[in-house]
Amino acid sequence: AQTVTQSQPEMSVQEAETVTLSCTYDTSESDYYLFWYKQPPSRQMILVIRQEAYKQQNATENRFSVNFQKAAKSFSLKISDSQLGDAAMYFCAYRRRRGGSQGNLIFGKGTKLSVKP
Amino acid sequence: NAGVTQTPKFQVLKTGQSMTLQCAQDMNHEYMSWYRQDPGMGLRLIHYSVGAGITDQGEVPNGYNVSRSTTEDFPLRLLSAAPSQTSVYFCASSYRRQVTTNEKLFFGSGTQLSVL
């Protein structure tokens, strides 16, 4: 069974600084997706960034980028130029690419990010 | 285009009561699912469906029933609510296509359920 581990329950960053959130996962499959979701106090689940496992190039979305290390099964999220609006829970998630349960997301337990002004 | 709509947003139940959490999507998504979110536990899959008439269990299915009679709707039923079912519930949907450039999972806004 696949598992996702976020080892940092809480993180803090100064506004305008850079922070990296860690995520490791375990799977025997070679074809999958990885995601970072943001959940602000409104509790809406917001997709921040996604990575296809077959792509070697790390995904980037504006101030958000990932460091995807497939062999090490590591998928960290880097937030550059942190803003007050980045404060939220961040969830790392894994999803199979194929098969009947391909839609199912497996989530880590989350990292609560605080941004200090 | 409303996306994924969950009702109600908040609900308080007494132990032993039954209720149905509603989920509807208007994007013609084949795949729909229910997650529960508990503090320190992340989101865990309860049940999911890959199309009308097809449902399957996720990681934490006990105490919950689902059915999928239409593509649009995927209700979650609590037959006899227990305090352990106090949680935030999320419905999510997506296309099932295996080869696509858009595998985004669309989430509803969640239902906060308290069982006393």
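Results for (1) closer than 21 Å to B:GLU59 by Cα; (2) of a type in the set (Phe, Trp, Tyr), shown as yes or no for each residue.
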position	(1), (2)
A:SER22	no, no
A:THR27	yes, no
A:TYR33	yes, yes
A:ASP86	no, no
A:GLY110	yes, no
A:PRO117	no, no
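Going through region A:23-36 one residue at a time, which ones are without any contact (Cβ under 8 Å) to a residue 60 or more places away in the chain and within 10 Å of the chain's Cα centre (by Cα)?
Those that are without any contact (Cβ under 8 Å) to a residue 60 or more places away in the chain and within 10 Å of the chain's Cα centre (by Cα): A:THR24, A:TRP36.
Residues are listed down the side, and each one gets a yes or a no for (1) of a type in the set (Phe, Trp, Tyr); (2) within 23 Å of B:GLN6 (Cα to Cα):
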residue	(1), (2)
A:ARG43	no, yes
A:VAL48	no, yes
A:TYR54	yes, no
A:ALA71	no, no
A:ALA88	no, yes
A:GLY103	no, yes
A:LYS112	no, no
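Between a residue in region B:1-25 that is touching a residue at least 60 places away in the same chain (Cβ under 8 Å) and closer than 16 Å to B:THR70 by Cα and any residue that is basic (Lys, Arg) and surrounded by 13 or more Cβ atoms within 10 Å (Cβ to Cβ), which pairs come within a Cβ distance under 8 Å, given they are 6 or more apart or on different chains?
B:LEU21/B:ARG77
Considering only strands (runs of 3 or more DSSP E) fully contained in region A:1-106, which possess at least 3 residues that are at pLDDT 90 or above, surrounded by fewer than 19 Cβ atoms within 10 Å (Cβ to Cβ) and among the aromatic types (Phe, Trp, Tyr)? Spell out how you get there, then give the answer.
Working: elements: A:3-5, A:10-14, A:19-21, A:24-26, A:32-39, A:46-52, A:64-69, A:74-79, A:88-96.
No strands (runs of 3 or more DSSP E) qualify here.
Condition (residue is in contact with a strand residue (DSSP E or B) (Cβ under 6 Å, 6 or more places away or on another chain), at pLDDT 95 or above and facing another protein chain (nearest Cβ under 9 Å)) applied to region B:74-87: is it met by at least one residue?
no
When you scan region B:40-72, how many residues do you find that are closer than 21 Å to A:PHE35 by Cβ and of a type outside the set (A, V, I, L, M, F, W, C)? Walk me through it before giving the result.
Pass one, region B:40-72, residues closer than 21 Å to A:PHE35 by Cβ: B:40-50, B:58-60.
So of that shortlist, the ones also of a type outside the set (A, V, I, L, M, F, W, C) come out as B:40, B:42, B:44, B:47-49, B:58-59.
The total comes to 8.
Would you be able to say whether some residue in region A:42-56 is over 19 Å from B:LYS104 (Cβ atoms), over 16 Å from the mean Cα position of the chain (by Cα) and more than 11 Å from chain B (Cβ to nearest Cβ)?
yes
The values are calculated or read from the model by the stated rules, or taken from the named source; none is laboratory data. What you see is a predicted model, and the numbers here were worked out from it, not measured in a lab. Cβ sites come from the backbone with ideal geometry, for glycine too, and all protein chains shown count toward neighbours.
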